[in-house]
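As C-alpha cells, the structure follows; a few thoughts come after it.
The values are calculated or read from the model by the stated rules, or taken from the named source; none is laboratory data. Treat the numbers as computed from the prediction; the structure is a model and nothing was measured. No Cβ is skipped: glycine too gets one built from the backbone with ideal geometry, and neighbour counts run over all protein chains shown.
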Amino acid sequence: MNRRVFSQLLAFGVGYLSAPSREAETQDVSSGDAGGNATAAREAAENPLARLPVTVEDFIELARAKLPKPTFDYITSGSEDEVTLRDNVEAFRRMRVLPPLLHGVSEVDLSTTVLGEKIALPVMLAPVAALRMFHPQGARASARAAARAGTIVIPSTSAHNSLDEIAEAADGPKWFQLYAPRDREVALKLVRRAEKAGYKALVVTVDLGERKDADLRNRFSIPHDFLLKHLRDCGFTQLTEENTYEELVAFNLQAWDPSMSVDFFRWLRKQTKLPIILKGVLSPTAALQAIDLSLDGIIVSNHGGRRLDGMPASIDMLKDVTEVVDGRIEVYFDSGIRRGGDVLKALALGAKAVLIGRPQAWALAAGGETGVKRVLDILRDELTNAMIASGCRTVADINDGLLL
Ligand SMILES: Cc1cc2nc3c(=O)[nH]c(=O)nc-3n(C[C@H](O)[C@H](O)[C@H](O)COP(=O)(O)O)c2cc1C
C-alpha cells in the first residue's frame, strides 16, 4: 500500500474517515462491484478502507494500529516456535503454476456450490473466536460482509456473539462451528438453536488445545463481561454477574470436552439431520474416518498453526486427502490463504472451497464489516486474475494440471 495513504489512514483512524482523501480518489483499486452495488459504491466514497488496502497482508498493520498488543498477538501468533504457522504460508510460495496458453479466457465465473448451496466465490469465513474483542460488531459484521459477498460465514461457538444474534444480523447462508460442551444436554440445545436459527450445517472442530507463547507472555485474557456473555450464550445460564472472574475461568475450563472421540460423532449423527463437517483433518486416515462416520464433509486444516506446532502445512497434505476421499464427500481447506493465487492452488488440489481465519480477523479489526468485505473483494479479484491467466473459465476448470 502507498506509504502516505497508509500513514494517513492510521492518523485518522481507519474506518472512521468521513471523506475520501485525494490519494483515495486517485487510487481507485477496483472493488469488483462494477456497475452494481449502491451500498458498496457509497461506502467506497465515504470510507477509504473499502478500496485502499490492496492485499490481504495490508490489513496486518491496520489491525496492529487498532488493537491492544495482546489482542493483535492473539490473532496473529501461532503455537510455540510457529513452525507450522510459517510453513502454512511458505508452502504456498514454494508451489509453482504453469498455465497453458491460448485459452482465450477473458471472463470468469467464480461461483461454486458447497453442500448444494450456490456461493459467489469459493472463499468462506472461517470460525474465529473472540471476534467482539476485535471490533464492537464482532461476528455480526463478518456475517453481513459474507452475505454481501455472496458467501458462507461459519461463526465459532466462541465468537462472543450468540448464534441467534449472528443469524439475525444477516440473512446470507451460515454454518455453525460447534465446540463440544462436556454436558450433552447443553450440546444438544446448541444444535437445536442452530437448526432453528437457520444454520445449514454443523462444523465440528476436533483439533483442540491452544498454547501460544505470545499469549502467555502478554497474559492475554478475555474480559469478565465477555467471558460471562459467551458462557451464557452457549447455554450455561446458571452463571451470573455475581460469579468472580476466577470462577468463570474455572467453569470454562471444565465445560468443554478436550478429548473428542468418535463417540461424539456417533451421538451427534443421531441427533440432527444437518450436514456435519469435520474440521481439523490432515491425514488420509482421518478423512476415511469421517466417511465411516457418515459425515458430509471435511476441512483440511491445522487450525492456522495454532495447535500442535510441527504439524505439516495444510496445503502439503491436501492432495493425499482429496485422492483418498475421491469425491465421496466434499473437502474444504484452510490455513495460510493470503492470495487469490493460493485459492487457485487449493482448488487445483481438489478443495471445493477455502476458508480464511486471520485475514478475516485483521480486516474486522481494521474496519468492521467494510474491512471484511474488502478482504473478500481482494481475494475475489486476485482469483479472477489468476483464473484468466490460467485459462480457467469456471472453478470446475481449475485442476492439478496447472501445477508443476
Ligand atoms: C484468532 C483466531 C481464533 C480462532 N478461533 C477458532 C475457533 O473458535 N474455532 C475454530 O474451529 N477455529 C478457530 N480458528 C482457526 C480458524 O478457523 C482457521 O482454521 C485458521 O485461522 C486458518 O488459518 P489462517 O488464519 O491462516 O487463515 C481461529 C483462528 C484465529 C486466527
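Quick check on my filter: what residues within the stretch 188-218 are aliphatic (A, V, I, L, M) and either in contact with an Asp or Glu (Cβ under 6 Å, 6 or more places away or on another chain) or over 28 Å from Glu80 (Cα atoms) (or both)? Show your work before the answer.
Restricting attention to the stretch 188-218, the residues satisfying the condition of being aliphatic (A, V, I, L, M) are 188, 190-191, 194, 197, 201-204, 206, 208, 214, 216.
The answer is Leu188, Leu190, Val191, Ala194, Ala197, Ala201, Leu202, Ala214.
Looking across the stretch 366-404, the residues that are touching a helix residue (DSSP H, G or I) at 6+ places or on another chain (Cβ under 7 Å), in a helix (DSSP H, G or I) and surrounded by fewer than 16 Cβ atoms within 10 Å (Cβ to Cβ) come down to Asn385, Asp400. Among the residues that make up the stretch 219-232, is at least one of them modelled with pLDDT of 95 or more, within 30 Å of Leu85 (Cβ to Cβ) and basic (Lys, Arg)? Yes, the conditions are met somewhere in the stretch 219-232.
Within the stretch 236-271, can you find the residues that are among the basic types (Lys, Arg) and within 26 Å of the chain's Cα centre (by Cα)? Steps first, please.
Step one: filter the stretch 236-271 for residues among the basic types (Lys, Arg), giving 266, 269-270.
Within the stretch 236-271, just Arg269 meets the criteria.
Among the residues of the stretch 218-241, just one is closer than 17 Å to Leu163 by Cβ and of a type in the set (Gly, Ala, Ser), namely Gly235. Considering the conditions (1) within 20 Å of Gly371 (Cα to Cα); (2) more than 12 Å from the ligand (Cβ to nearest atom); (3) surrounded by 22 or more Cβ atoms within 10 Å (Cβ to Cβ), Val153 is excluded by exactly one of them, (2).
How many of the residues in the stretch 318-339 are assigned to a helix (DSSP H, G or I) and within 14 Å of the ligand (Cβ to nearest atom)?
So the count comes out to 1.
Just one residue in the set Gly172, Gly138 is out of contact with any Lys or Arg (no Cβ under 7 Å at 6 or more places or on another chain) and small (Gly, Ala, Ser); that residue is Gly172. Report, by residue number, each residue of the stretch 181-214 that is touching a Pro at 6+ places or on another chain (Cβ under 9 Å), aliphatic (A, V, I, L, M), assigned to a loop (DSSP other than H, G, I, E, B) and within 13 Å of the ligand (Cβ to nearest atom). Listed by number, the list holds a single entry, Leu208. For the stretch 347-355, the condition holds for no residue, the condition being that it is surrounded by 22 or more Cβ atoms within 10 Å (Cβ to Cβ), within 13 Å of the ligand (Cβ to nearest atom) and assigned to a helix (DSSP H, G or I).
Residues of the stretch 215-242 that are surrounded by fewer than 17 Cβ atoms within 10 Å (Cβ to Cβ) and either in a loop (DSSP other than H, G, I, E, B) or hydroxyl-bearing (Ser, Thr, Tyr) (or both): Arg219, Ser221, Pro223, Thr237, Gln238, Thr240, Glu241, Glu242.
Among the residues of the stretch 75-126, those identified as touching a helix residue (DSSP H, G or I) at 6+ places or on another chain (Cβ under 7 Å) and hydroxyl-bearing (Ser, Thr, Tyr) are Thr76, Ser77, Ser79, Thr84, Ser106, Thr112.
Of everything listed in (1) more than 14 Å from the ligand (Cβ to nearest atom); (2) assigned to a helix (DSSP H, G or I), the single unmet condition for Leu295 is (2).
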